[in-house]
Amino acid sequence: MMHPKEEKTVIIIKPDGVKRGLVGEIVSRIEKRGLKIIALEMFQPSKKQIDDHYPKDEKWIKRLGSKTLKNYEEYGIDSKDKKEFGTADPTEIGKAVRSWLLDYMTSGPMVKMVVSGIHAVNMVRKIVGSTMPGQAEMGTIRGDFSVDDATAANRDKRSIHNIIHASESPEEAEHEINFWFAPEEIHDYKRAEEDIMF
Ligand code: GDP
Ligand code: MG
């Protein structure tokens, strides 16, 4: 069985993160925590690639729509309002959000990384913060560098600009590693502090 130190996850710095010059800041936060960058590249994907990167199943799409509905409930916004979606069906809302996501993720170059370390998936999600930057904790990447949320993004018919993507589970990470990286692009080395920290 794989040693816990070898758990891997994928990070993608989204077009707004790259254009805002946050690449160094993000890399630094990952490295300082003791997580190891084992692959890194700037790239410009096609819409088809982004479509295949994100899950397509109804359950995931419905969950995406539910995030909007939860955000609307918190701020007293009616999703059935014509200015909004005109529906309260999370699947319909999820489909619209997913299509905006494809536009956002192809709007400029991004930086992709594979990161390894103890509980890498959960550690990176903690460093990244919750999906809606307006609700993300201070000290997280999304909480420190953005205030965007679904109420504003949906009104403008665009994806929430939240700087960074990170795999949500080891299964998602495995799919994303195989999808974005060839085996020879993933490197194996020892960081100087490994003997001291772990
Ligand atoms: P993540 O894992 O935290 O990135 O969130 P998800 O996997 O649920 O969603 C993927 C991406 O879709 C997010 O990072 C946002 O950029 C965008 N997104 C998620 N929910 C919404 C929403 O309710 N409205 C809009 N406009 N965009 C959303
Ligand atoms: Mg996700």
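The values are calculated or read from the model by the stated rules, or taken from the named source; none is laboratory data. Source: prediction; values computed, not measured. Note: ideal-geometry Cβ built from the backbone for every residue, glycine included; neighbour counts use all protein chains shown. Surface accessibility is based on the protein's heavy atoms, side chains included, excluding ligands, DNA and RNA. Shrake-Rupley method; radii C 1.70, N 1.55, O 1.52, S 1.80 Å.
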Carbon/sulfur fraction of accessible area - the chain, other protein chains in place, 1.4 Å, %: 55 percent
Charge dipole (debye, nearest 20) of the chain; +1 at Cβ of Lys and Arg, -1 at Cβ of Asp and Glu: 460 debye
Most to least packed among 184-194, 87-97, 33-43 [average Cβ atoms within 10 Å]: 87-97, 33-43, 184-194
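Going by average Cβ density within 10 Å per residue, which order do the peptides 61-68, 21-28, 153-160 take, highest to lowest?
Working: 61-68: 19.0, 21-28: 14.5, 153-160: 17.0.
Most protected by this proxy first, the peptides run 61-68, 153-160, 21-28.
Using the per-residue mean of other Cβ atoms lying within 10 Å as a proxy for protection, in what order, highest first, do the peptides 44-52, 105-113, 141-149 fall?
Output ranking for 44-52, 105-113, 141-149: 141-149, 105-113, 44-52.
Nearest-5 percent of antiparallel DSSP beta bridges in the range 2-124? Let's see the in-between values first.
Details: 13 of 13 bridges.
Rounded to the nearest five, the antiparallel share is 100 percent.
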Degrees, to the nearest 10: 23-33 long Cα axis against longest axis of the chain: 60 degrees
Out-of-range pairs (alpha-carbon distance over 25 Å; input K36/K56; K19/K83; K14/K47; K5/K126; K48/K70; K32/K62): K36/K56; K19/K83; K48/K70; K32/K62
Within a Gaussian network of the chain (alpha carbon springs, distance under 10 Å), most fluctuating of E58, E74, E172: E74
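Net charge around V121, counting only other residues with Cβ within less than 11 Å of its Cβ (Lys, Arg = +1; Asp, Glu = -1)?
Numbers: positive: K8, R125, K126; negative: E7, E168, E171, E172, E174, E176.
Here the count lands on -3.
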Alpha-carbon Debye profile of the range 1-66, log10 I(q)/I(0) at 0.27, 0.29 Å⁻¹: -1.15, -1.22
Highest-MSF residue in the chain out of Y75, Y54, Y104 [GNM, Cα springs under 10 Å]: Y75
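What value does the range 1-124 have for Rg/Rh, both radii from Cα atoms and Rh as Kirkwood defines it? Write down the numbers at each step before the final one.
Values: Rg = 17.5 Å, Rh = 16.6 Å.
Here Rg/Rh amounts to 1.05.
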Selection from F85, Y75, T106, by position along the positive dipole direction of the range 72-111 (Cβ): T106
